[in-house]
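One structure is given below, encoded as C-alpha cells.
Just so it is clear, none of the values below were taken in a lab; they were calculated from the coordinates. These numbers come from a predicted model, not from an experiment. In this analysis, Cβ positions are derived from the backbone assuming ideal geometry, glycine residues included, and neighbour counts consider all displayed protein chains.
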Amino acid sequence: MPLENDQDFEICDDYFIRENGETFAGRHLIAELWGAQHLDDPTFIKETLVAAAKAAGATVLHSHIHSFDSGGGVTGVVLLSESHISIHTWPERDYAAIDIFMCGSCNPSKAEEYIVGKLLPKRVSSQTLRRGKTA
C-alpha cells in the first residue's frame with residue numbers, strides 16, 4: 001500500500017518497514033490541532049480515534065478514554081496491533097495533542113486526516129518520524 005508520497009515500501013516478517021534504503025520499526029506522527037472542536041466530549045473522541053485507526057488500516061485491540069471534571073479535557077489511547085493512537089485535549093485552549101505510531105502497512109497520515117476532518121481545527125502542525133531505524 002503506497003503512503004501519501006506514493007513511494008513503494010516492503011513489510012518485513014517482523015512488521016519492520018523497508019523504504020528508500022532504510023529499515024525502521026514504524027512511522028510516528030505527532031500532531032498539534034489548534035482551534036479544534038468537540039475536545040470535551042469523551043464519546044466523540046473515542047469514536048473518532050477508533051474510526052481513525054480503521055481508516056489507517058490498523059487493528060483496534062482496546063480503547064480507554066478519561067474525561068476530566070469541571071469541563072476539563074479528555075485524555076485517551078487506542079491500543080492497536082500495530083501500536084497506538086493517543087490524544088490529550090485542552091478545550092479551554094481549543095488545543096489537542098495527538099500521537100499516532102504505527103508499524104507495518106498502516107498509514108498514520110490517513111488516521112490524522114480522519115481526526116482532522118472530525119475535530120475541524122483551524123490550524124494543524126504535524127511531523128512524522130521513522131522509529132527504530134536499523135539501516
Inset, instruction - Only residues that are in contact with a Phe, Trp or Tyr (Cβ under 8 Å, 6 or more places away or on another chain) and either of a type outside the set (S, T, N, Q) or touching a residue at least 60 places away in the same chain (Cβ under 8 Å) (or both): list them for the range 56-82, please. - result: Ala56, Gly73, Val74, Glu82
Legend entry - 2 or more residues closer than 29 Å to Glu19 by Cβ and under 11 Å from the mean Cα position of the chain (by Cα): qualifying strands (runs of 3 or more DSSP E) within the range 29-135: 74-80, 83-90, 95-103, 123-131
Inset, instruction - Determine, yes or no, whether His88 is of a type outside the set (Gly, Ala, Ser) and more than 28 Å from Asp13 (Cβ to Cβ). - result: yes
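Looking at Glu22, is it crowded, with 22+ Cβ neighbours inside 10 Å, at negative phi and of a type in the set (Asp, Glu)?
Considered against the rule, which asks whether it is crowded, with 22+ Cβ neighbours inside 10 Å, at negative phi and of a type in the set (Asp, Glu), Glu22 comes out as no.
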Inset, instruction - Would you check if there is a residue in the range 83-97 being surrounded by fewer than 18 Cβ atoms within 10 Å (Cβ to Cβ), among the polar types (S, T, N, Q) and in contact with an Asp or Glu (Cβ under 6 Å, 6 or more places away or on another chain)? - result: yes
Inset, instruction - With respect to Ala31, determine if the residue is aliphatic (A, V, I, L, M), in contact (Cβ under 8 Å) with a residue 24 or more places away in the chain and either surrounded by fewer than 17 Cβ atoms within 10 Å (Cβ to Cβ) or closer than 18 Å to Lys110 by Cβ (or both). - result: yes
